[in-house]
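Since every read-out is calculated from the coordinates, none of them should be taken as a lab result. As the structure is a prediction and not an experimental result, all values here were calculated from the model. Cβ placement follows ideal geometry from the backbone for every residue including glycine, while neighbour counts extend to all protein chains displayed.
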Amino acid sequence: GTLKPNIGHLDAAAGVAGLIKTVLCLKNKILPPAINFKTLNKEIFINDTPFYINLEKKPWNSINPRTAGVSSFGLGGTNAHVILQEYASPAPRQKSDTTVLLVLSAQVRSTLIRRRRALIQYIQNHPEINLTDIAFTLQVGRKAMKSRFACICSSKEEAIARLGNLDEQEILNLDKDYLSEEECIDNKKVLSIAKKWLSGADIDWSILDSKNNHYRIPLPTYPFESREYWLSSESQKPILKDIPNINKNELSIEFLESKILDIFKYFLGSDNLKTTEDIYDHGGDSLLILQILAKIKKDLGVNLEPESLENYSTAKNLAVHIKSNTQKST
């Protein structure tokens with residue numbers, strides 16, 4: 001059905017609006033009603049055809065793959081037509097314990113960490129997805145950027161563990177002593193490819209997919225940088241005040257948490273950040289991390305490595321970490 005009664009004339013965007021509507025119909029398997037319809041034009045004869053005016057929202061039931069046509073007619077006489085058909089998902093396959101190479105990349109390492117976390121959550125939320133399809137999609141369906149991570153694994157549990165090990169930027173080794181001679185040869189091949197990819201080389205991934213029996217699947221996309229941009233006066237930006245010299249051994253977790261949150265808010269330009277929110281989800285990057293660490297050292301007398309903010313990236317977790325290390329050192 002036409003989209004014009006719903007949102008009016010869209011001029012040059014009319015065609016793509018119709019395309020979007022049709023895709024959503026295919027995705028949701030729903031036929032929306034044609035609104036404001038009263039009388040059919042007497043010159044249109046559809047009573048003896050498969051066509052009809054749909055006047056109510058109803059399920060789009062079909063034995064065959066659902067198919068739809070979209071037409072767009074331009075004022076200048078240019079007509080565009082496209083046929084869309086729903087995607088038929090392949091039949092579920094049995095769990096595979098084949099050793100795979102997972103590769104992820106980003107423009108900066110802070111975003112790479114977020115991508116690793118997103119992939120962990122995806123694997124946990126989709127137990128039905130085959131690990132080999134995840135690896136294949138990451139290899140051939142994603143652009144390779146300068147900050148890179150790779151890990152070799154043979155199960156989802158192993159993948160989650162290695163993706164979540166933020167102490168390691170790159171995890172390549174296989175801890176298996178029971179591989180056959182043939183498997184050892186294959187894994188050396190995978191390891192060699194991984195090292196080349198991490199060094200910045202372009203890889204022909206078909207050499208790892210000789211049987212060509214993997215599928216591309218929807219995976220988490222590249223995350224947006226969640227950063228606020230202030231349009232008001234500079235005076236409305238969160239104010240960060242210096243504090244007097246203090247004994248770091250006497251700092252309570254509550255004080256540390258409050259002070260660290262103030263520092264996070266200032267450098268991230270956000271006054272709405274909560275103690276349990278991840279700084280990488282609010283625009284934290286490698287340059288900001290260095291500034292934050294310098295301020296923590298100046299105000300709290302605590303010297304932290306950048307990796308600390310990768311593992312403890314909320315004000316609450318970082319306060320507990322600092323307090324725990326302070327107690328150990330006394």
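Remarks
- When each of 274/323; 4/143; 146/259 is checked by Cα-Cα distance, pairs over 27 Å: 4/143; 146/259
- Taking each residue as 0.36 nm, the span from residue 128 to residue 203 lengthens on full extension beyond its C-alpha to C-alpha distance by 24.2 nm.
- Calculated FRET efficiency for the pair residue 287/residue 63, C-beta based, R₀ 45 Å, to 0.05: 0.20
- Between residue 53 and residue 10, residue separation times 0.36 nm minus the direct Cα-Cα distance comes to 13.3 nm.
- The simple Förster model, with R0 at 51 Å and r as the Cβ-Cβ distance, assigns residue 39 and residue 272 a FRET efficiency of 0.45.
- Computed from the C-beta positions of residue 107 and residue 221 and an R0 of 22 Å, the FRET efficiency is 0.95 to the nearest 0.05.
- Note on residue 84 and residue 195: the extension gain reaches 35.8 nm, defined as 0.36 nm multiplied by sequence separation minus the Cα-Cα distance.
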